[in-house]
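A quick write-up on the structure given underneath.
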Amino acid sequence: MIVINESFVAELRRVLRPEQLMVDEPMRAHTTFRIGGPADYLIFPSTREDVRMVFRLLRQYGIPVTVLGNGSNVLVRDKGIRGAVLKFNGPFSEMRQEADCIVAGAGALLKDVSHFAADCGLSGMEFAVGIPGSIGGAVFMNAGAYDGEMKQVISKVYAVGADGAYAELEADALDLGYRHSVFQTNGQVICEVVLRLVPGKPEDIRAKMDDFTQRRESKQPLEMPSAGSTFKRPTGHFAGTLIDQTGLKGLRVGDAMVSTKHAGFVVNAGNATAADVLGLIAEVQRRVHEVHGVKLYPEVRIIGEE
C-alpha cells in the first residue's frame, strides 16, 4: 500500500530541483522492459552531494531505497517499489579524460562512454558499445559482452554510503565476478567510475565497435522492449542455445514472450505485466531443466513489492 510521507517530500523539494523528484511514479516509464508498478518516490540525483543529502533524509525518515542505473537490467514487479528509487540518468552522466583514464558519472550510458573513449583514442571499452545500460549499472553487475567485462577496465569507483559518507574504492576492493560486485551487498551507491584504458588508433577502435554493433543488431531483438539477456550463462552452456534447443522460441505467457530472434531474451510483446514475465521465466526454467537437466537462473534483477 502506497503511503506518501508529505514531510519527507517537502524536505526533498527543498534540496532538489522540481524535475528531480516524482511521487507515485509508474516505473514502466523508466525501465527498458516498459513494465513496473509505481515507486513511492522517484529521485534523479545530479551530483554526489545530492546523493549525500538524499541518503541523510532517507535515514532520518526511515525510508528504504532502491538504486537504478538506466533501468535496463531490471524487472519491477506490478505493485511497484515502496520507498525511494534513486535513478542515475542524464544529469549524472558527465565524462572527462584524465591521461589514459576516462572518468564517468554513474548515469553515463555505456554506448556514450565507448564513443567518448574512441574520440579520445583510448581502447578497452569497445565491448560495451552495445550494452543497453549505464556505467554505474555496469559496474554493479560487472557487465560484459564479446569476451570483455568491466572488471578489465575499472581503476576505481567513487561512492556514497547509506550514512552519507563518501567512499573511494580501488578495483581490487570491488569483488568483481560474473555479474557480481561488492555493491550488491555493501549498501554503497556508485557515483563516479574511473576507467583505465590504453591508447589506440581511433580508426581501429571504431572498426571494432562497428563490428560489435552489427553483430548485436543482427542477433538481438532490439526492436522490442526487454531487460537484455534474461538468464545467466550456465556453466558449460549458453542459456539461449538451451532454450532454443528446447523449442521455446515464441513461447508466451500473456504478452511476455521468448524472442523468436534470440531465445535468451524475454521480450514485452505488447502490454506484458511483471507477473507475465515471471510466469514465463518459471516455465522456461522448468522445461529446460526437464529436457537438459540444467538449471537456469535469472540475470535480470527482479525488484519491487510482491
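None of the figures in this text is laboratory data; all of them are computed from the coordinates on show. Treat the numbers as computed from the prediction; the structure is a model and nothing was measured. With ideal geometry, Cβ positions are generated from the backbone for all residues, glycine too; neighbour counts draw on all protein chains shown.
Can you put Thr230, Thr235 in order, fewest other beta carbons within 10 Å first?
By the 10 Å Cβ count, ascending, the order reads Thr235, Thr230.
Run through segment 154-260 and list the GluC sites (Glu not before Pro) located in a DSSP loop whose Cβ has at most 13 other Cβ atoms within 10 Å.
Glu223
Taking the Cα of Ile2, stepping 7 Å toward and past its beta carbon, and measuring to each backbone N in segment 19-62: which are under 14 Å?
22-30, 36-43
In whole percent, what relative contact order does the chain give with Cα contacts below 8 Å and a gap of six or more residues?
Answer for the chain is 18 percent.
Taking only the alpha carbons of segment 6-90, what extent do you get along each of the three principal axes, in Å, biggest first?
That works out to 32, 25, 20 Å along the principal axes.
For segment 172-306, compute Rh as the Kirkwood radius over C-alpha pairs and then the Stokes-Einstein diffusion coefficient at 37 °C and 0.692 mPa s; write the answer in µm²/s, rounded to an integer.
Reported coefficient: 191 µm²/s.
What does the charge add up to near Asn5, with Lys and Arg as +1, Asp and Glu as -1, over the other residues with Cβ less than 10 Å from its Cβ?
Result for the local shell: -3.
When Lys and Arg each count +1 and Asp and Glu each count -1, what net charge do the other residues less than 11 Å away from Ala106, Cβ to Cβ, add up to?
Here the count lands on 0.
Okay, helix-only estimate at 222 nm for the chain: each DSSP H run of n ≥ 4 adds -39500 (n - 2.57), divide by all residues, round to 500 deg cm²/dmol; what do you get?
Computed mean residue ellipticity for the chain: -8500 deg cm²/dmol.
How many percent of Cα pairs in segment 239-303 exceed 15 Å?
The calculated P(r) of segment 239-303 puts 44 percent of pairs beyond 15 Å.
In whole Hz, with x marking every Gly and Pro, tabulate ³J(HN,Hα) for segment 157-172 from phi via Karplus 6.51 cos²θ - 1.76 cosθ + 1.60, θ = phi - 60°.
Rounded to whole hertz, the list is 9, 9, 9, 10, x, 4, 8, x, 7, 6, 9, 10, 10, 6, 4, 6.
Given H placed 1.01 Å from N in the peptide plane, which residues other than close sequence neighbours of Gly83 have an amide H under 5 Å from its amide H?
Asp40, Tyr41
Based on alpha-carbon centroids, what's the gap between segment 162-216 and segment 41-119 in Å, whole number please?
Rounded to whole Å, the Cα centres lie 14 Å apart.
Say R0 is 30 Å: what FRET efficiency, to the nearest 0.05, do Thr47 and Asp175 get from their beta-carbon distance?
With R0 = 30 Å, the Cβ-Cβ based efficiency is 0.65.
How much length is gained on full extension from Glu217 to Glu283, taking 0.36 nm per residue of separation minus their Cα-Cα distance?
21.0 nm
Which semi-axes, in whole Å and largest first, does the equivalent ellipsoid of the chain have when worked out from the alpha carbon gyration tensor as the square roots of 5 times its eigenvalues?
They are 30, 27, 16 Å, listed from largest to smallest.
Measure up Lys87/Lys219; Lys208/Lys249; Lys219/Lys249; Lys219/Lys295 against 20 Å on the Cα-Cα distance and list the ones that go over.
Lys87/Lys219; Lys208/Lys249; Lys219/Lys295
Near Lys261, which aspartates and glutamates are there with a Cα under 14 Å away, not counting those fewer than 8 places off in the same chain?
Glu217, Glu223, Asp244
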